[in-house]
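Following: one structure in structure tokens, then a few remarks.
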Amino acid sequence: MTESVEAFAARARAWLAKNMPQVDPVRPPLGDRGDDASWQRARELQKRLYVGGFAGICFPREYGGLGLDVAYQKAFDAETVGYEMPLILNVPTFTICCAALLDSGTEAQKRQHISAALRGEEVLVQLLSEPSGGSDLAGLITRADRDGDAWVINGAKTWSTSAFAADYGLLLARTDWTVPKHEGLTMFLAPINDPGVTLRRIRQVDGSTEFCEEFLDGLRLGEEAVVGEVNKGWEVASRLLHHERRAVGHGSEFASGRGRERTEDALVDFFALAEATGQAGDPGTQDRVGRVFARRMVRDRLVDHVSTAMRNGALPPAAGSIIRLFHSDVTCLEVDTAMEITGASGVVDDDHDLLKVGERYLSRQTVALGGGSNEMARNVIGERVLGFPREYAADRGIPFNQVRHNERARG
């Protein structure tokens with residue numbers, strides 16, 4: 001018989017108390033995604049979860065998970081409050097890459113990579129965006145050419161989250177230039193530490209270095225590296241993007257643990273902030289803070305509603321863009337409100353906590369770009385959820401090698 005949710009939660013409660021480190025709620029050890037030590041710590045904690053029988057609660061048993069309903073994952077997450085968890089492994093390893101492999105990978109790929117990730121032995125990332133690509137992912141120009149039984153890949157990727165800490169990346173490349181852009185793509189599983197990959201970290205304006213760029217120079221991959229079918233990589237990418245939008249919107253059943261994955265994602269303590277700036281009794285400040293709290297509550301209910309509706313088929317997979325977009329709006333409201341309260345102290349004050357508000361403001365736009373830009377999310381909602389007509393695209397249906405672009409991109 002399947003263990004009840006209540007019994008599962010009780011067993012998890014006892015196990016966590018004996019095996020996972022407790023955290024100081026005032027100074028939680030939030031993972032720095034640009035720090036190597038944070039990733040090593042996350043791998044160690046994931047190994048503990050696996051040995052304890054609490055890794056991959058919603059992943060199938062044959063790939064190392066428990067094969068349980070999302071209710072069990074939610075119950076476990078509730079019990080993890082107050083304990084250190086390997087949260088930085090959730091995105092993109094579990095909620096995006098492993099979820100995409102579950103949909104599109106071969107049996108061998110699923111057994112090897114999902115299982116290894118659940119054991120804390122592998123980190124997976126996405127190698128999708130390109131320096132010249134902008135938001136048009138299907139317009140990519142990284143190429144994969146046949147060479148006997150192998151594929152030789154040349155090109156470049158950028159904005160790859162935490163690729164420096166990863167073992168493998170899901171890499172989308174063009175394998176046929178004579179068909180329209182969506183039809184000539186193939187997804188590959190590429191080893192990050194291969195000699196054909198040169199990785200560099202990108203330092204952003206706020207000083208963070210979690211994003212990377214990769215230069216692919218003669219990277220050789222065998223047929224076993226193909227995810228899905230050759231020239232049908234857009235189908236794989238579409239499922240991956242579906243999972244990414246749910247993950248960014250905190251609606252994935254494959255995330256483990258409850259909390260913010262990064263230091264910069266930590267919830268702002270608006271009460272402490274108002275006290276520190278002498279505005280606790282100001283009606284205008286109280287109104288702004290109340291607006292943030294109300295929006296947070298709406299977001300949490302929306303995530304539950306949309307996630308449930310997608311699982312039972314009441315909403316299409318594209319509805320993940322709804323929670324992705326609303327999460328972006330709420331986060332921007334939080335950051336902007338914190339900056340309004342902090343004012344100039346977020347730039348020049350000696351109080352480090354106030355300066356962190358200003359530092360976070362520098363990277364506020366990232367939440368509007370992950371999983372596709374806000375503008376793209378609105379297009380997806382309009383066209384694929386509400387059924388509005390598709391917007392005009394000049395290159396639709398045209399072979400990619402006939403689309404007007406710079407000479408370097410021609411196949």
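Summary of computed values
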item: S238 vs. criteria surrounded by 14 or more Cβ atoms within 10 Å (Cβ to Cβ), without any contact (Cβ under 8 Å) to a residue 40 or more places away in the chain, closer than 29 Å to L89 by Cβ and under 20 Å from the mean Cα position of the chain (by Cα); result: yes
item: Residue in the range 150-171 that is open to solvent by 20 Å² or more (accessible area, probe 1.4 Å), more than 22 Å from G371 (Cα to Cα), in contact (Cβ under 8 Å) with a residue 60 or more places away in the chain and in contact with a strand residue (DSSP E or B) (Cβ under 9 Å, 6 or more places away or on another chain) present; result: yes
item: Single residue of A100, A71, A75 found to be crowded, with 23+ Cβ neighbours inside 10 Å and either in contact with a strand residue (DSSP E or B) (Cβ under 7 Å, 6 or more places away or on another chain) or farther than 17 Å from V227 by Cα (or both); result: A100
item: Sole exception among (1) open to solvent by less than 20 Å² (accessible area, probe 1.4 Å); (2) of a type in the set (A, V, I, L, M, F, W, C); (3) modelled with pLDDT under 95 for L189, by number; result: (3)
item: The range 103-128, residues that are within 18 Å of N193 (Cβ to Cβ) and open to solvent by 40 Å² or more (accessible area, probe 1.4 Å); result: Q112, E121
item: Exclusive hit being within 18 Å of the chain's Cα centre (by Cα) and of a type outside the set (A, V, I, L, M, F, W, C), set T209, T198; result: T209
item: Count of residues meeting criterion [in contact with a His (Cβ under 9 Å, 6 or more places away or on another chain) and within 23 Å of G382 (Cβ to Cβ)] in the range 263-301; result: 1
item: Subset of the range 212-235 that is of a type in the set (D, E) and surrounded by fewer than 22 Cβ atoms within 10 Å (Cβ to Cβ) - its residue that is farthest from P191 (Cα to Cα); result: E235
item: Count - residues of the range 305-328 that are open to solvent by less than 60 Å² (accessible area, probe 1.4 Å) and in contact (Cβ under 8 Å) with a residue 12 or more places away in the chain; result: 16
item: Residue match in the range 24-46 (condition: out of contact with any Lys or Arg (no Cβ under 9 Å at 6 or more places or on another chain), over 30 Å from I202 (Cβ atoms), in contact (Cβ under 8 Å) with a residue 60 or more places away in the chain and open to solvent by 40 Å² or more (accessible area, probe 1.4 Å)); result: no
item: Residue count for the range 250-269, restricted to those that are at pLDDT 85 or above and crowded, with 18+ Cβ neighbours inside 10 Å; result: 8
item: Residue selected from the range 363-408 under the condition open to solvent by 60 Å² or more (accessible area, probe 1.4 Å) and within 16 Å of the chain's Cα centre (by Cα), by the criterion nearest to G320 (Cα to Cα); result: L369
item: Every residue from the range 41-81 that is among the hydroxyl-bearing types (S, T, Y) and either under 20 Å from V91 (Cβ atoms) or in a loop (DSSP other than H, G, I, E, B) (or both); result: Y50, Y63, T80
item: Residue ID - most open to solvent (accessible area, probe 1.4 Å), chosen from residues in the range 129-149 that are touching a residue at least 40 places away in the same chain (Cβ under 8 Å) and either assigned to a strand (DSSP E or B) or more than 30 Å from S208 (Cβ to Cβ) (or both); result: D149
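The values are calculated or read from the model by the stated rules, or taken from the named source; none is laboratory data. Being a predicted model, the structure only gives us computed values, none of them experimental. Neighbour counts run over all protein chains shown; Cβ positions are idealised from the backbone, glycine included. Ligands, DNA and RNA are excluded from the accessible area calculation, which covers all protein heavy atoms including side chains. Shrake-Rupley method; radii C 1.70, N 1.55, O 1.52, S 1.80 Å.
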